[in-house]
Amino acid sequence: MLDHKLNRYSMVKRYGKIVDTLIKYELGYLADRLKISEFRPLSSRIRKKGRIVADTVPHPARVRMVLEELGPTYIKLGQILSMRQDLVPMEYIREFSRLQDEVQPFGFADVEKVIREELGSEIKDIFEFFEETPIAAASIGQVHRAGLKSGEKVAVKVQRPGIRKIIEADLDIMYSIAGFAEEHIPEARLYRPLETIEEFESTIIAEMDYTQEGRNAQRFANNFRDDPLIYIPKVYWDYTGTKVLTLEYIEGVKSSLFEDHTGYGTDRKKIARTIIEAFMQQVYEDGYFHADLHSGNVFIMKDARIALLDFGMAGFLSPDMRSLLIDELIAITKGDTKLYIELLRDMGSIGDEVDVLSLKVDIDHLLYRYYGRSIKQLDTAAIFQEMIGVLRKHRVRVPSNVALLSKGAMTVEGFGALMDPGINMAEIAEPFARKAMKKRFQLSNITGGAYSDLYNWSRVIRRAPMKISHILDIAEKGYLKLRFDPHGFDRIVAELDAASNRLAFSLIISAIIVGSSLIIQTGQEPYIWGMPMLGVIGFVMAGLLGMWLVVYILRTGRI
């Protein structure tokens, strides 16, 4: 987790910006419900603003506009939420999917500084040439075309200076708001705000570590090393660090701009099929998948190979999770609702708050429509979308990697439809699914799984007497403790701390006033304006400190 440290003034100022933006897009009632309206700046309260959006602009669009205006951290949060169909209604998913984090590039002097600090050398000592104008710029970093001294052309991704501090500050506020919402707004608990922010934090931390993206690229390269059609750019580790990533520069054309096929030795249908097959290999065989295979991340090379780019968004599926997903496919084709619900339990998705009987009725209705169909007749992306809608309705938690897989599947399906409107994704997926099922029922895998289960149970049974004896010993000595998690107390402690500080400050000002009055009564020299100078200085200090306290109280809105 990030070490969140934000001074009080910066936090109040940022809260004020959030409140102002919500009011600007006529979502001020959210600030009231979250109890942050008090942070609205005094200048904003005095100055009346006109309407920014018309009444006809739908609520989801307004929320998207708020995220865009609040900056990179909130844009990234919206992009993450666009993958969580189990948490967010589809009308918001569609709006959040439109969020773009393309921003103005930062200056070349900052690029030089980041590279010097990260790689320990000047640009001219590492690169033969380095283009000052970036070929792409986003909120976290930007990409420059360059050439190494050895002659290779590379794409250098450089992180935006100061972006980590901005994200840390915004995360502080997000945690504060999420904690309050989860504690005081019952309907907000459905969306599990604290859990969502924790997931977002881990995602954005990983995205800010460019070595992680480099490892992702290297792993994909290893998985596709024998594929003659898929190409993964090389990572230059000698010129890569946490804030700088150097990859092989791909000479080619974006698949979205791939209109003239002459000289490329391929066509749109072949491109679509190759990418979908590559995705199915990642899901069913490798357990490691690229979750953002849209047309901008797929390049067509001159030798007809297809290069995959941008490895910041990748998902991992353990063998157990892949086995569960295959079981889900079996349950869907057989219409077995009981099996499907048991699989959800195995995933840890069903909590005490879920009405299992009501959930079973809705899943029965959904599975009835797909009962008896072969795998190639199933529209996987559509089933994912429908099923997640049912799960969201019943407050069933979906693991983040499964939600990411759903997003990845829909992105790939969208890419396939763009390149070849007549393509059948399910038909391409069928042989991969059948191969995975067949592999599961091989004698070697069955006996291996049985041996592993037997060993684990024998270990549990062997250790049980010792564990029970240890618990009884602790209880007998009176050391058995119950852990109490004071959830939501942080905000109360902070409020009491601020109140006590203001009270102490007020007492100090009062003491200065009383002391100054006594000095003036004594008539002690030297004089200024006909009065004892020490007394006058005391009154001036008390006045200045009192004014500062009043301004602070007005700025925080706590009058």
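The values are calculated or read from the model by the stated rules, or taken from the named source; none is laboratory data. Being a predicted model, the structure only gives us computed values, none of them experimental. Heads up, the Cβs are rebuilt from the backbone with ideal geometry, glycines too, and the neighbour counts pull from every protein chain shown.
Worth a mention:
- Out of Ser469, Ser517, Ser500, one residue alone is surrounded by 12 or more Cβ atoms within 10 Å (Cβ to Cβ), of a type in the set (Ser, Thr, Tyr) and either touching a Lys or Arg at 6+ places or on another chain (Cβ under 7 Å) or modelled with pLDDT of 70 or more (or both). It is Ser517.
- Only one of Ala272, Ala307, Ala291 that is within 30 Å of Ile126 (Cα to Cα), modelled with pLDDT of 85 or more, outside the structural domain of Ile428 (by TED's automatic domain parsing) and surrounded by 18 or more Cβ atoms within 10 Å (Cβ to Cβ): Ala307
- Conditions (1) closer than 26 Å to Asp362 by Cα; (2) surrounded by fewer than 21 Cβ atoms within 10 Å (Cβ to Cβ): number failed by Leu405: (2)
- The set of residues from the range 339-352 being assigned to a helix (DSSP H, G or I) and touching a residue at least 12 places away in the same chain (Cβ under 8 Å) comprises Leu339, Tyr340, Ile341, Leu343, Leu344, Asp346.
- Phe130 within 21 Å of Tyr249 (Cα to Cα) and touching a helix residue (DSSP H, G or I) at 6+ places or on another chain (Cβ under 8 Å): yes
- For beta carbons closer than 8 Å, sequence separation of 6+ or different chains, a first residue in the range 216-227 that is outside any helix (DSSP H, G or I) and a second that is of a type in the set (Ser, Thr, Tyr), the qualifying pairs are Phe224/Tyr231.
- Pick from the range 137-164, criterion small (Gly, Ala, Ser) and buried (at least 17 other Cβ atoms within 10 Å of the Cβ), ranking: farthest from Leu247 (Cα to Cα): Ser139
- Against the conditions (1) under 30 Å from Leu34 (Cα atoms); (2) in contact with a strand residue (DSSP E or B) (Cβ under 6 Å, 6 or more places away or on another chain), Val143 satisfies every one except (1).
- Residue check for Gly296: in a strand (DSSP E or B) and small (Gly, Ala, Ser): no
- Check on Glu251, more than 25 Å from the chain's Cα centre (by Cα) and surrounded by fewer than 17 Cβ atoms within 10 Å (Cβ to Cβ): yes
- Any hit, the range 164-183, residues being within 22 Å of Asp292 (Cα to Cα) and modelled with pLDDT under 95: no
- Every condition in (1) within 19 Å of Ala304 (Cα to Cα); (2) at pLDDT below 85 is met by Thr196 except one, and the failing one is (1).
- Taken together, Pro486, Pro532 contain a single residue that is more than 28 Å from Glu183 (Cβ to Cβ) and either at pLDDT 70 or above or not charged (D, E, K, R) (or both), which is Pro532.
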